[in-house]
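First up is the structure itself, then whatever we jot down about it.
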Amino acid sequence: AQSVTQLDSHVSVSEGTPVLLRCNYSSSYSPSLFWYVQHPNKGLQLLLKYTSAATLVKGINGFEAEFKKSETSFHLTKPSAHMSDAAEYFCVVPGLDTGRRALTFGSGTRLQVQP
Amino acid sequence: ETGVTQSPTHLIKTRGQQVTLRCSSQSGHNTVSWYQQALGQGPQFIFQYYREEENGRGNFPPRFSGLQFPNYSSELNVNALELDDSALYLCASSLGGTSGRITGELFFGEGSRLTVL
């Protein structure tokens, strides 16, 4: 089955420093990939999505991700962290085992931003 | 604001009871999905409804059931509640592609937090 692995459960950065949240995927072909963000006591919001049109994907709030087939990675980055970026981030792929009717979520990375 | 609203936001039940959670989809969306998010974990797919029929199901027992209405709003029903059912239940709506396949963004509500004692 298609899946994603988020390599860090917690990441802590200082405000104004770069953010890197790592995600590897397992698939026999180039999948669709998403990053979603969940702020405390809020629902999930789409940050960005990769659908094979371009390997570097720009999302909302200054985030971007690069699809690297050779490394089977889709890491999320931001040049400069803001306090409002503190949240849980999920790397997500449509599940082949559900006929692409459901999303398969990674285990999540909690981003902490220190002042 | 995603346009997806869920009710109630919080509720407490005891083991063996039944619960109904409700979701109002974003206008124009014909597909609704339900996810269970246990504390500290990523959401897990329960099932999807497309054009008022169950159209895909995750690894959840039959005591988890649902409905989708003609206006595309939806209910999630859980019978014979167990302690492990304590979780945040998320509803997501989308404009489903062929047979409800995900072709674009899912819009999530803020969830219903269920506590089973």
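One line per residue, one yes/no per condition, for (1) more than 14 Å from the chain's Cα centre (by Cα); (2) of a type in the set (A, V, I, L, M); (3) within 21 Å of A:F90 (Cβ to Cβ):
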| residue | (1), (2), (3) |
| --- | --- |
| B:V4 | no, yes, yes |
| B:T14 | yes, no, no |
| B:S27 | yes, no, no |
| B:S33 | no, no, yes |
| B:G40 | yes, no, yes |
| B:S94 | no, no, yes |
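If I ask for residues that are among the hydroxyl-bearing types (S, T, Y) and farther than 22 Å from B:T115 by Cβ, which ones from the range B:51-73 would you list?
Initial filter on the range B:51-73 (among the hydroxyl-bearing types (S, T, Y)): B:65, B:72-73.
Across the range B:51-73, the qualifying residues are B:Y72, B:S73.
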Looking only at the range B:35-60, and only at residues there that are more than 10 Å from chain A (Cβ to nearest Cβ) and within 28 Å of A:Q6 (Cβ to Cβ), the one that is surrounded by the most Cβ atoms within 10 Å (Cβ to Cβ): B:Q36
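Residues being of a type in the set (S, T, N, Q), away from chain B (no Cβ under 11 Å) and within 14 Å of the chain's Cα centre (by Cα): count how many of those fall in the range A:5-54.
Initially, the range A:5-54 is screened for residues of a type in the set (S, T, N, Q), giving A:5-6, A:9, A:12, A:14, A:17, A:24, A:26-28, A:30, A:32, A:38, A:41, A:45, A:51-52.
Cutting the leftovers down to away from chain B (no Cβ under 11 Å) gives us A:5, A:12, A:14, A:17, A:24, A:26-28, A:30, A:52.
Those left that are additionally within 14 Å of the chain's Cα centre (by Cα): A:5, A:24.
Residues flagged as of a type in the set (S, T, N, Q), away from chain B (no Cβ under 11 Å) and within 14 Å of the chain's Cα centre (by Cα) within the range A:5-54 amount to 2.
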Members of the range B:49-74 that are under 30 Å from A:D8 (Cα atoms) and part of a strand (DSSP E or B): B:R57
Every residue from the range A:53-81 that is surrounded by 12 or more Cβ atoms within 10 Å (Cβ to Cβ), of a type in the set (G, A, S) and more than 25 Å from B:Q44 (Cα to Cα): A:G62, A:S80, A:A81
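From the list B:R15, B:R22, which one is in a loop (DSSP other than H, G, I, E, B) and of a type in the set (K, R)?
Working: B:R22 fails: in a loop (DSSP other than H, G, I, E, B).
Result of the check over B:R15, B:R22: B:R15.
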Residue match in the range B:94-105 (condition: on the phi < 0 side of the Ramachandran plot, of a type outside the set (A, V, I, L, M), open to solvent by 30 Å² or more (accessible area, probe 1.4 Å) and in contact with a helix residue (DSSP H, G or I) (Cβ under 7 Å, 6 or more places away or on another chain)): no
Checklist (1) more than 13 Å from B:S74 (Cα to Cα); (2) in a strand (DSSP E or B) applied to B:G3, failing item: (2)
Count - residues of the range A:82-103 that are within 14 Å of chain B (Cβ to nearest Cβ) and open to solvent by less than 20 Å² (accessible area, probe 1.4 Å): 10
Residue check, B:L21 out of contact with any Asp or Glu (no Cβ under 8 Å at 6 or more places or on another chain) and modelled with pLDDT of 95 or more: no
Number of positions in the range B:65-99 that are touching a strand residue (DSSP E or B) at 6+ places or on another chain (Cβ under 8 Å) and either among the hydroxyl-bearing types (S, T, Y) or within 14 Å of chain A (Cβ to nearest Cβ) (or both): 18
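Check whether at least one residue in the range A:104-112 is free of Cβ contacts under 8 Å to residues at least 60 places away in the same chain and more than 12 Å from every other protein chain (Cβ to nearest Cβ), and report yes or no. Reasoning before the result, please.
So the first thing to find is which residues in the range A:104-112 are free of Cβ contacts under 8 Å to residues at least 60 places away in the same chain, and the list is none.
No, there is no match, as no residue in the range A:104-112 is free of Cβ contacts under 8 Å to residues at least 60 places away in the same chain and more than 12 Å from every other protein chain (Cβ to nearest Cβ).
The values are calculated or read from the model by the stated rules, or taken from the named source; none is laboratory data. Source: prediction; values computed, not measured. Backbone-built Cβ (ideal geometry, glycine too); neighbour counts: all protein chains shown. Ligands, DNA and RNA are excluded from the accessible area calculation, which covers all protein heavy atoms including side chains. Shrake-Rupley method; radii C 1.70, N 1.55, O 1.52, S 1.80 Å.
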